[in-house]
Structure formats: structure tokens, C-alpha cells
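Report on the following structure.
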Amino acid sequence: MRNCTATGRDAGLNQSGAGRSVKRQHVAPRVTRAHYFEVPFDSNMNRTKNRPLVRGQISPLHAVSFALACGIPGVALLTLVVNPLTGFLGAFNIFLYTCCYTPLKRLSIINTWVGAVVGAIPPVMGWCAATGSLDPGALVLGGFLYCWQFPHFNALSWNLRQDYSRGGYRMMSVTHPGMCKRVALRHSLGLIPLTTLAPALGVTTWNFPVISLPINLYISYLATRFYYQGDRNSARKLFFCSLWHLPMLLLLALTCKKYSRSPEVTAAPLTLEPPAK
């Protein structure tokens, strides 16, 4: 009998639930630690001045205790209950966000690329949680998040340039506005060839790059307008497009996921033996 089975690539594309679960285990501690370190700078920004730590609604001790209470058991849970690879990626992402991305925001525009890696790791964790291995398909899902974050964040930060400048954060929109627009456009366009890798690696069918082309062309069109106009309106339209573009892209990938059939199991021929006398 021929059975249809979901392979690792199918489980990986079904990682939305697993991805959300593993993400919860390490987002809280890393963000809490970042808020703890950035209190003096967040107080200067309209966007962050109402955070609980800035307003004194919770003490630094409570914030650090909460981060440790989430981070240590979370990584242990991922390691022992899911698998060690997922636990390692969770611990690494906490380290990358807290010890690299957070301090780099005040030192160099490289922080945006490091932050994009941080954002790309959770879907990779979801794939590893579902399959137990780090396959090329996991890197494709991570690549979607990595490329998407540049039009998303660069458009967001464009209209917050004065805020970031007051806080002392070195964002592309503040120190390199031309590069900010170029990078957003480049990575928007990069989503188009990236979608062709999914079927090439056996993650989806070839329908995926075709049906996802319209939304990829649309975000690229808005990124092109942002590149040439560079005003608040074009940045706002690109940002709001990015909010629905990513879930739509992943939903299309899910509907086009590629199944494989397990090889036929051939039963050994039955032989009749005469009853023992």
C-alpha cells in the first residue's frame, strides 16, 4: 500500500506552531535584558520613553530576575524536551541579541545586519524543532526573514530618524540615509530569487515562486518608490506593506509545500507449511 508521508521539509513548513513555541522561550529574556541596558537612552526617545523600566514601573532587579527566569528554563526546556540543536540556537540567539546587537546599536550600522540574523533564527529553530536537523530548507525560511527585515525596519526607522538620533542609536536612516534606501530595495528584490530556491531544494512546488511573484513585485515596487522619493509617505507605505507581506509569503509557501511518497513496502511471500505430525 502506498502511503503519503510528510518529510522533514513538510514538517519544517508546518513549523509555524513549533516556531511560535520556541520563539516564546527566548524572546522574553533577550528583550528584557535589552530594555535593562538601554534605559538611559530609551528615556530620550518618544518611541520608548513609556517602557516600564524607563517609567520606573518595575525595578531593574525584577527585570533581570524575569529575564533569567525565562531564559534559563527556556533554553533547558528546548534542549531536553525538543532537541539539543534547537536549545543551542535559542541560547545563541539570546547571546547574539543581548551581547552583540544591543551594544552595536550605539556603535555601528552593522547592528542592522546582526539584528536581521537574530530575526532569521526563530524559523530555523522551528524547522529544527520539527525535524531535528538543520537542512537547507531551514536556511530558506531563515532567508525569507532575513531579507524581509531590511525593507521592514529601514522603512520604519526612516520616519523615526530624529528619535533614534536623540537616543544616540547609529541606524542607517540616521547616519547613512542613501544606504538605508538602497539596502531596503536590494533585499526586497532579493526575495524574488530566494523564492525559487524553495522548490529547487525540494521545500515547495514550483507553483510557489509563481504565485508569490505578485506580492514580491509589489513590495519591490514600494521599495523602489522609497529609494527614489525617500519621503515619509513612501516609507510608511513600504512599512505597512511589510506587515502583511511576510505572513502572506509564508502562507503561500505552506500551501505549496512539497510532499514525498514513501517507498512501497513489499511484503514477503507467504508460504504454507504442512502441520507438524
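The values are calculated or read from the model by the stated rules, or taken from the named source; none is laboratory data. Nothing here was measured: the structure is a model prediction, and the numbers come from that model. All Cβ positions, even for glycine, are placed from backbone atoms using ideal geometry, and neighbour counts span all protein chains on display. SASA here: full protein model, heavy atoms, side chains in, ligands and nucleic acids out. Shrake-Rupley method; radii C 1.70, N 1.55, O 1.52, S 1.80 Å.
Of note:
- Contacts under 8 angstrom Cβ, first residue in segment 192-218 being free of Cβ contacts under 8 Å to residues at least 12 places away in the same chain, partner in a helix (DSSP H, G or I) and crowded, with 17+ Cβ neighbours inside 10 Å, 6 or more apart: Trp206/Pro199
- Number of the condition not met by Glu38 [criteria: (1) surrounded by fewer than 21 Cβ atoms within 10 Å (Cβ to Cβ); (2) modelled with pLDDT under 70; (3) more than 19 Å from the chain's Cα centre (by Cα)]: (1)
- Cross-chain or 6+ apart pairs with Cβ under 6 Å, segment 233-262 first and over 15 Å from Gln149 (Cα atoms), then assigned to a loop (DSSP other than H, G, I, E, B) and of a type in the set (Gly, Ala, Ser): Leu252/Ser212; Lys258/Gly202
- For segment 182-212, the tally of residues that are part of a helix (DSSP H, G or I) and open to solvent by 40 Å² or more (accessible area, probe 1.4 Å) stands at 11.
- Residues of segment 56-108 that are under 18 Å from the mean Cα position of the chain (by Cα) and of a type in the set (S, T, N, Q): Thr86, Asn93, Thr98, Thr102.
- Look at (1) crowded, with 16+ Cβ neighbours inside 10 Å; (2) free of Cβ contacts under 8 Å to residues at least 40 places away in the same chain and you find that Leu68 fails only one, number (1).
- When residues of segment 125-179 are limited to those that are closer than 15 Å to Leu197 by Cβ, open to solvent by 40 Å² or more (accessible area, probe 1.4 Å) and in a helix (DSSP H, G or I), the one modelled with the highest pLDDT: Tyr146
- Remark: pairs (first residue in segment 74-98, open to solvent by 40 Å² or more (accessible area, probe 1.4 Å); second residue aromatic (Phe, Trp, Tyr) and modelled with pLDDT of 90 or more; Cβ separation under 9 Å; 6+ apart in sequence or on different chains) = Thr79/Phe88.
- Members of segment 213-253 that are among the small types (Gly, Ala, Ser) and either part of a helix (DSSP H, G or I) or modelled with pLDDT of 95 or more (or both): Ser220, Ala223, Ser234, Ala235, Ser242, Ala253
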